[in-house]
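Worksheet for the structure shown next.
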Amino acid sequence: MTLMAAHRLIGMRRRLLIEWLILVTVLTLLSTALTVWQDLPGIRDINHRAYDLSMQAVRAPAPSPDIAIIAIDDASIEALGYWPWRRSVHAALLERLHGARAVGLDLILSDPYLTHPRDDPLLAQAIAQHGRVVLPDILSPDGQQRIMPIPALAQAAAALGRIDARPDPDGTLRAIETRRTPAGGGPPLAHFSLAIAGVAGQEAAVARAQAFPSDMAVRVQFTDPAKRHALYPYAAVLSGQVPEAEFKDRIVLVGAWASGLGDHLATPLGGMTAGVAILADTVQNLRDNLWIRIAPSWVTALAGLGLILPVCLGLGTLSTRRGLAGALAASILFLITDALLLQQTGYWLPPAGTLAALFLAYPLWSWRSQEASLRHIDAELEQLHIPLRPDADGLDTDTDSGPVGPDTLPARAIRLHKAVSRLKQATRAQKETLSFLSHDMRSPQSAILAILELRRQSPEQWAEETVLAHIEQQTRTTLNLVDQFVQLGRAESAPLDRRPVYLDDLIQECCDRRWPQAAQRGIELQFEARHPEAEASLDTELMGRAIGNLLDNALLYGPANSVVACTLESDARHWHIHVRNAGPGIPPEQQEHLFTRFQRLPGDANKPAGSGLGLAFVQTVAQRHGGRASCVSASGQGARFTISLPVES
């Protein structure tokens, strides 16, 4: 590795480190921001879904045996008649619940019972005699209006408590406010469960609830729906089928359970739950301090950072596949840990911010690392002079793949493939060059040394003129080899000096230069331009030498007093420059490697084989101009060599 390449590699690694630090910073800020702004609609939905899954994954608390529900179910309605029942029925029920620690009637009693006016005083008397009955009131959805029981009942009740609930936007009830301030002002109103706890003498639970800020929603940990609280049909309790002792020292909630009667709300555990069952869970949460606590934003942010850092570190050191697996595993690990934390401590971390950062870590890092890698590859390709356009140097002429921009991944893949091809060609050329130097270049020098040694040993047999003639011949051979080798190297790598030129003028000039050589052997050199104004953008020096090589070979291998024909024609897509002679031709098995470096045309005693570089030069020049060279020949029928160049639109 060269010093410059090493510096470029160090620069790329430095850029990747900077990109990594930026990635960690961006993801941390993103995670923190989404944690703080967890009430944004999309983030809120993700957190709600994750919360519900966590609640369903952990073990729900068992219902407390100290809480009982008297259900106004379908069987009771069938036994007692259509709803609503007379309030004297509720008064009779209360007479059977004197042993209960507290009774919560989840019934809206805000209007007088006009059909039977005596029922309201009767119920008020039963409530007062019991002494531990809690009645509900309701705040309207806008918080402006408080709907209370009729005054007689409200005064008789031990306490009043709100039963209104505010589900989340997705319709699921997850939290309640233990105390809520009416929109119009005034003291905070206690929740139904808080009122029952106060009546039941649970001072510690009441103190904990009052410590919550007013209007703060606390999340309820719902009990296992498969077990549920002790449930008794209203009619069975009223008729005495259930002994009064069943309710001694228990908190009893009376409410609607029948289908189509009362309120049923969705909970995180799934399905619809009767309002009275939700009140029972709320009472148990208050008494046993089961509330789900949302961890502070800074705790969630730190927990997320504890996963983001390892994931980013893994992305910087692991393979692409393992980095992706690590990011997914970290996301799953966070959700599992969150559920376990909820199970063991009652705290829950909103995961949306951390999950968003973990999900974005892989594509962001892949994008930035790919950009850094591609910049490094581009720099290396520029050092190798691999052009941006796939066909800029004529080495790629396949147009079936469609156009690609210079900054796209396919374009870079083409350039990289070209670089690999050039590396393979360079390796092969190195071997061929070593063979060329060890044989072709050494042979003339060895011949010169051999002639000089013979001259020293037998000066009388080797005249000076003879020795000088041999030395001159071998020296010219060496110079010719060197010149062809240098020209081939220039044709392969030097930038093209393209200029507009008329092809017929260029070909005519090449023919004129070889007219003396043709006349010396009696060969007629003919040129026919079937498109006299064919114009192309060419490196005239390289193309002139390529055409000259074909003419030289045609004159060298053509028989004396024959014709060498040069023709310029077109097929609408390409200009074709043909050079034909009437020589011995080339067998098919030798045509395959005609344009390969150091592959020589067969010669005879009078026409020795060439260096094997002339036709390779022709093919290289043609390809650099977006075309190709070809040959059509058969033994004894001469040969036609062609340079095909694209017609510029």
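The values are calculated or read from the model by the stated rules, or taken from the named source; none is laboratory data. It should be emphasised that the depicted structure is a prediction, and the values quoted were computed from it without experimental measurement. So basically every Cβ, Gly included, is an ideal-geometry build from the backbone, and we count neighbours across all protein chains shown. Accessible surface areas use protein heavy atoms only, side chains included; no ligands, DNA or RNA. Shrake-Rupley method; radii C 1.70, N 1.55, O 1.52, S 1.80 Å.
Here's a check for you: in the range 629-646, which residue that is among the polar types (S, T, N, Q) and outside any strand (DSSP E or B) is surrounded by the fewest Cβ atoms within 10 Å (Cβ to Cβ)?
Going through the range 629-646, the residues among the polar types (S, T, N, Q) turn out to be 630, 633, 635, 637, 642, 644.
Keeping just the survivors that are outside any strand (DSSP E or B) gives 635, 637.
Working: Ser635: 11, Gln637: 13.
Checking each candidate, the answer is Ser635.
Residues of the range 45-56 that are touching a residue at least 12 places away in the same chain (Cβ under 8 Å) and open to solvent by 60 Å² or more (accessible area, probe 1.4 Å): Asp45, Ile46, Leu53, Gln56.
Pairs linking a residue in the range 509-533 that is without any contact (Cβ under 8 Å) to a residue 60 or more places away in the chain to a residue that is open to solvent by 70 Å² or more (accessible area, probe 1.4 Å) and among the aromatic types (Phe, Trp, Tyr), with Cβ atoms under 7 Å and 6 or more positions apart or on different chains, are Leu525/Trp515; Glu533/Tyr502.
In the range 223-245, the qualifying residues are those that are over 60 Å from the mean Cα position of the chain (by Cα), small (Gly, Ala, Ser) and surrounded by fewer than 16 Cβ atoms within 10 Å (Cβ to Cβ), and the one that is farthest from Ala91 (Cα to Cα) is Ala245.
The set of residues in the range 169-184 being closer than 16 Å to Ser140 by Cα and open to solvent by 20 Å² or more (accessible area, probe 1.4 Å) consists of Arg179, Thr181, Pro182, Ala183, Gly184.
Taking every residue in the range 67-91 that is free of Cβ contacts under 8 Å to residues at least 12 places away in the same chain and pairing it with any residue that is in a strand (DSSP E or B) and aromatic (Phe, Trp, Tyr), at least 6 positions away or on another chain, yields no pair with a Cβ-Cβ distance below 9 Å. Within the range 416-450, if we keep just the residues that are surrounded by fewer than 14 Cβ atoms within 10 Å (Cβ to Cβ) and of a type in the set (Lys, Arg), the residue that is modelled with the highest pLDDT turns out to be Lys424.
For Gly627, state whether it is modelled with pLDDT under 90, of a type outside the set (Ser, Thr, Tyr) and within 54 Å of the chain's Cα centre (by Cα).
On the way: modelled with pLDDT under 90: no; of a type outside the set (Ser, Thr, Tyr): yes; within 54 Å of the chain's Cα centre (by Cα): yes.
So Gly627 does not fit the description; no.
Residues that are under 21 Å from Leu34 (Cα atoms) and open to solvent by 10 Å² or more (accessible area, probe 1.4 Å): list the helices (runs of 4 or more DSSP H) wholly contained in the range 246-361 that include at least 1 such residues. It would help to see each step written out before you state the result.
On the way: elements: 275-288, 297-317, 320-345.
Counting at least 1 such residues, we get 297-317, 320-345.
Entry remark, the range 615-628: residues being over 23 Å from Ala572 (Cβ atoms) and either in a strand (DSSP E or B) or acidic (Asp, Glu) (or both) number 0 in total.
Residue-by-condition table, conditions (1) in contact (Cβ under 8 Å) with a residue 24 or more places away in the chain; (2) under 41 Å from the mean Cα position of the chain (by Cα); (3) assigned to a strand (DSSP E or B):
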{"residue": "Leu153", "(1), (2), (3)": "yes, no, no"}
{"residue": "Asp164", "(1), (2), (3)": "yes, no, no"}
{"residue": "Pro167", "(1), (2), (3)": "yes, yes, no"}
{"residue": "Ile176", "(1), (2), (3)": "yes, yes, yes"}
{"residue": "Ala195", "(1), (2), (3)": "yes, no, no"}
{"residue": "Gly201", "(1), (2), (3)": "yes, no, no"}
{"residue": "Val218", "(1), (2), (3)": "yes, yes, yes"}
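Does Leu481 fit the bill of being at pLDDT below 85 and touching a helix residue (DSSP H, G or I) at 6+ places or on another chain (Cβ under 7 Å)?
Values: at pLDDT below 85: yes; touching a helix residue (DSSP H, G or I) at 6+ places or on another chain (Cβ under 7 Å): yes.
So Leu481 fits the description; yes.
Restricting attention to the range 590-599, does a residue exist that is of a type in the set (Phe, Trp, Tyr), out of contact with any Leu (no Cβ under 6 Å at 6 or more places or on another chain), open to solvent by 50 Å² or more (accessible area, probe 1.4 Å) and not in a helix (DSSP H, G or I)? Walk me through it before giving the result.
Pass one, the range 590-599, residues of a type in the set (Phe, Trp, Tyr): 595, 598.
Pick out the ones that are also out of contact with any Leu (no Cβ under 6 Å at 6 or more places or on another chain) and you get 598.
Then keep just the ones that are open to solvent by 50 Å² or more (accessible area, probe 1.4 Å); that gives none.
Within the range 590-599, not a single residue is of a type in the set (Phe, Trp, Tyr), out of contact with any Leu (no Cβ under 6 Å at 6 or more places or on another chain), open to solvent by 50 Å² or more (accessible area, probe 1.4 Å) and not in a helix (DSSP H, G or I).
Regarding the range 113-132, can at least one residue be identified that is among the acidic types (Asp, Glu) and within 26 Å of Arg287 (Cβ to Cβ)? Within the range 113-132, not a single residue is among the acidic types (Asp, Glu) and within 26 Å of Arg287 (Cβ to Cβ).
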